[in-house]
2 protein chains.
Amino acid sequence: MSMSNASIPVFEIGLNALSALLDKAEAFAEAKRIDPTVLLNARLFPDMFAFARQVQSACDQAKNGSARLAGVDPPRYEDNEKTMAELRTRIAKTVAFLKTLDTKRIDTAADREITFPLGPNNKGQMKGIDYLNHFALPNFYFHLTTAYDILRHCGVEIGKLDFLGAIPMRTT
Amino acid sequence: MSMSNASIPVFEIGLNALSALLDKAEAFAEAKRIDPTVLLNARLFPDMFAFARQVQSACDQAKNGSARLAGVDPPRYEDNEKTMAELRTRIAKTVAFLKTLDTKRIDTAADREITFPLGPNNKGQMKGIDYLNHFALPNFYFHLTTAYDILRHCGVEIGKLDFLGAIPMRTT
């Protein structure tokens with residue numbers, strides 16, 4: 001068990017699963033003759049983030065969380081995706097960024113103090129291990145699950161295995 | 001970083017946050033003169049689990065995941081909760097069970113093979129570290145987030161900090 005294997009592969013598997021959910025959402029929209037923009041703008045309540053923003057946020061939690069644990073400034077991505085294809089590109093860009101990070105640096109981050117923005121005016125501070133276990137991972141899963149829940153709510157036929165993605169599980 | 005601190009406190013903080021969400025759901029129902037059963041039976045799509053079952057499932061993911069990593073048979077809970085209070089009792093029972101587990105045993109589970117039921121007829125098998133990172137944690141967060149999302153969808157006034165719960169974060 002290490003800080004890097006509790007983060008990088010977790011984010012990668014989750015983001016790749018999210019990309020596959022976008023494929024299914026797009027196929028659903030085409031089959032039902034629904035403008036994909038309707039799904040991109042779907043939300044569970046008026047003051048919650050819409051689907052596209054949930055996808056962007058899942059990417060950002062993975063990118064920012066991993067970068068801060070690796071001791072590098074996270075790159076800033078514009079939130080300008082307007083299509084399923086553009087969101088998949090953002091996911092792919094995020095996964096590619098994760099692969100550039102120094103896992104040895106992440107593995108020594110448990111006791112390092114991590115400072116991060118909380119909204120426009122505040123900052124949060126946590127030890128690296130707490131930041132991973134109690135901030136980066138729950139926030140990542142929050143947006144990943146809510147993206148999934150929005151698609152399910154819209155009737156896209158997806159299930160738990162689509163959410164879990166390509167996990168290293170053997171079945172009998 | 002260890003197997004036990006990536007699991008037990010994560011589940012405890014999440015379950016305690018869930019218990020507080022139930023308080024807010026109950027207060028919301030009372031204020032709006034809504035039968036709390038309506039919230040317990042609320043769901044995001046007809047073939048998804050309702051709210052009460054999401055809460056039971058979050059408890060079970062924490063209980064079963066931790067027990068298997070600790071090398072003990074997870075106790076089986078009846079799924080017979082009918083009220084918010086009974087669900088809070090189940091959460092409290094789950095948190096109390098987590099405290100009985102041997103964290104040293106969990107810490108040596110990374111390479112141990114874990115076998116677990118997958119639906120009524122199948123079994124899954126994973127190394128302990130993979131079981132925690134890619135099965136127990138994502139499944140736990142899946143049900144915790146979906147419980148939250150159902151309440152938000154119903155209009156209960158809760159936010160991200162309610163979801164994160166009592167995390168060890170300092171803010172400035």
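The values are calculated or read from the model by the stated rules, or taken from the named source; none is laboratory data. Worth saying up front: this structure is predicted, and the values here are computed from it rather than measured. Glycine gets a Cβ as well: all are built from the backbone with ideal geometry, and neighbour counts include every protein chain shown. The area values use the complete protein model at the heavy-atom level, side chains included, leaving out ligands, DNA and RNA. Shrake-Rupley method; radii C 1.70, N 1.55, O 1.52, S 1.80 Å.
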Can you find a residue that is more than 17 Å from residue A:8 (Cα to Cα) and either modelled with pLDDT under 95 or in contact with an Asp or Glu (Cβ under 9 Å, 6 or more places away or on another chain) (or both) anywhere in the range A:128-137? no
From the list B:69, B:15, B:39, which one is open to solvent by less than 60 Å² (accessible area, probe 1.4 Å) and within 23 Å of residue B:155 (Cβ to Cβ)? B:39
Name the single residue, out of those in the range B:113-166 being out of contact with any strand residue (DSSP E or B) (no Cβ under 8 Å at 6 or more places or on another chain) and among the aromatic types (Phe, Trp, Tyr), that is nearest to the other protein chains (Cβ to nearest Cβ). B:141
Any residue that is under 18 Å from residue B:1 (Cβ atoms) and either in contact with a His (Cβ under 8 Å, 6 or more places away or on another chain) or of a type in the set (S, T, N, Q) (or both) - is there at least one of those in the range A:137-148? no
In the range B:89-98, how many residues are touching a residue at least 60 places away in the same chain (Cβ under 8 Å) and open to solvent by less than 20 Å² (accessible area, probe 1.4 Å)? 4
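A quick yes/no check of all residues on (1) in contact (Cβ under 8 Å) with a residue 12 or more places away in the chain; (2) away from chain B (no Cβ under 14 Å); (3) within 24 Å of residue B:148 (Cα to Cα); (4) surrounded by fewer than 18 Cβ atoms within 10 Å (Cβ to Cβ):
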residue	(1), (2), (3), (4)
A:4	yes, no, no, no
A:28	yes, no, no, no
A:46	no, no, yes, yes
A:52	yes, yes, yes, no
A:60	yes, no, yes, no
A:76	no, yes, no, yes
A:81	yes, yes, no, no
A:87	yes, yes, no, no
Which is within 22 Å of residue A:133 (Cβ to Cβ) and over 15 Å from the mean Cα position of the chain (by Cα), of A:60, A:102? A:102
Answer with yes or no whether residue A:33 is among the basic types (Lys, Arg) and free of Cβ contacts under 8 Å to residues at least 24 places away in the same chain. yes
Candidates B:69, B:21 - the one that is closer than 21 Å to residue A:135 by Cα, within 14 Å of chain A (Cβ to nearest Cβ) and assigned to a helix (DSSP H, G or I): B:21
